[in-house]
1. Filter segment 147-194 down to the residues that are β-branched (Val, Ile, Thr) and surrounded by fewer than 16 Cβ atoms within 10 Å (Cβ to Cβ) and list them by number.
2. What pairs can you find where one residue is in segment 292-305 and under 13 Å from LEU265 (Cα atoms), the other is open to solvent by less than 80 Å² (accessible area, probe 1.4 Å) and among the aliphatic types (A, V, I, L, M), and their Cβ atoms are less than 6 Å apart, with a gap of 6+ or different chains?
3. Determine the pairs where a residue that is assigned to a strand (DSSP E or B), located within segment 7-21, has a partner that is basic (Lys, Arg) with Cβ atoms under 7 Å apart, the partner being 6 or more residues away or on another chain.
4. Would you mention how many residues in segment 51-67 are farther than 20 Å from GLN307 by Cβ and modelled with pLDDT of 55 or more?
5. Would you check if there is a residue in segment 68-78 being at pLDDT 50 or above and part of a helix (DSSP H, G or I)?
6. Under 9 Å between Cβ atoms, which residue pairs at least 6 apart in sequence (or on different chains) link something in segment 199-223 that is within 15 Å of HIS242 (Cα to Cα) with a partner that is open to solvent by less than 30 Å² (accessible area, probe 1.4 Å) and at pLDDT below 50?
7. State which residue is modelled with the lowest pLDDT when the search covers only segment 246-265 and only residues that are touching a helix residue (DSSP H, G or I) at 6+ places or on another chain (Cβ under 8 Å) and open to solvent by 20 Å² or more (accessible area, probe 1.4 Å).
8. Criterion first (part of a strand (DSSP E or B) and of a type outside the set (Phe, Trp, Tyr)) does SER283 satisfy it?
Amino acid sequence: MEDKLVTLAILTYAKAQILKNVLENEGIEAYIHNVNLIQPVISSGVRLRIKKSDLPHALQIIESSAWLSEDIIKGKESSSEKNKEKRKVLIPVDFSNYSLKACQFGFSFANAINSEVVLLHAYFSPIYVPTIPYGTDNFNFQIEREESVKSMIETVHNELNKLSDTIKKKVESGEFPNIKYTCILRDGIPEEEILRYAKEYNPQIIIMGTRGRSQKDIDLIGSVTAEVIERSQSFVYAIPEHTPLKTFNDIKKVAFVTNFDQRDLIAFDSLINVFKSFHFAVSFVHLSTDNDAWHEIKLAGIKDYFQKQYSKLELHYNVVKEDNILSNLDKYVKEENIDVICITNYKRNIFARLFNPSIARKMIFHANTPILVIK
């Protein structure tokens, strides 16, 4: 049966030509319709149409502002060429016991995608303001404070060496795969340094625990992991303290939370492409405040659409009541034996983050189930 054509975007003729070239460089057939044949350059708007099966991949391209960059317009470099560079797996560590759990996940994932691991530890060395005694012109620099900073840095180096030695032993015993990894120390606020590294090097995924070594329940609202989830542009895999899973091979069922947004199609396609080395069933879950039958109809439609795209994938769908979102989602996870909750977390402004926390941020403080966040 011939694949149905769908309209991807309505653009000016010039932009439609640029996007058409970009899509064709990615192996996606594209067609421009409703062109003013006499004066195509001044067409008010033309339709760019593609095959329905190519929609997720094409949406991922069109959502990115990169397709209108100067290099793309000049034809210097396609996005497929940019992606040839091997992307690393970033694991922020704080030397807690479950930093090793994050390492176990990270090493197994990097081995599956033929990548490398970067272990990043960020420490904060406070800047001490010198005291100015009353009635004197001399600055009293307290040398003992400088010594304490040096001692702290030495401790951090020792801890990182211990972690590296532990990893070497686990590699030798076969518990960790033998892959290349590097250790990096950065001075600064942990979440800022993690995000800065991610922005510079664009890792494939960031894998980290949901609580730090020194955190108590009262400190959770300032969690480094939650801040990274909110602001990172990479995948973030958040591992709770007591999860029984050890590697991505242990994941059998994933719950993909959807709000019927077009970006969810892009996110799901990214999920399947990034984790194509692993095999798991996916349940589409919608959080609803009412009993609207259309929710199940939409979910069934999404399931059927992706079933055609990924015929070998086992797909299900369900509606979870949002009247008590956390307890209801927990109940669903336990009843359906869900191993990972997958959530899309779109860019949100500072007021939305403060006064209406995202589902991902709520869940990070509540669930014992790992959370995979897709941007």
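The values are calculated or read from the model by the stated rules, or taken from the named source; none is laboratory data. All values derive from a computational prediction rather than experimental measurement. Here the Cβ positions follow ideal geometry from the backbone for every residue, glycine too, while neighbour counts run over all protein chains shown. Surface areas here come from the heavy atoms of the whole protein model, side chains and all, with no ligands, DNA or RNA. Shrake-Rupley method; radii C 1.70, N 1.55, O 1.52, S 1.80 Å.
1. VAL149, ILE153, THR155, THR166, VAL171, THR182, ILE184, ILE189
2. Qualifying pairs under 6 Å: LYS303/LEU315.
3. THR7/ARG47; THR7/ARG49; LEU8/ARG49; ILE10/ARG47
4. 5
5. yes
6. Between residues of segment 199-223 that are within 15 Å of HIS242 (Cα to Cα) and residues that are open to solvent by less than 30 Å² (accessible area, probe 1.4 Å) and at pLDDT below 50, the close pairs are THR210/LEU220; ARG211/LEU220.
7. Looking at residues that are touching a helix residue (DSSP H, G or I) at 6+ places or on another chain (Cβ under 8 Å) and open to solvent by 20 Å² or more (accessible area, probe 1.4 Å), I get GLN262.
8. yes
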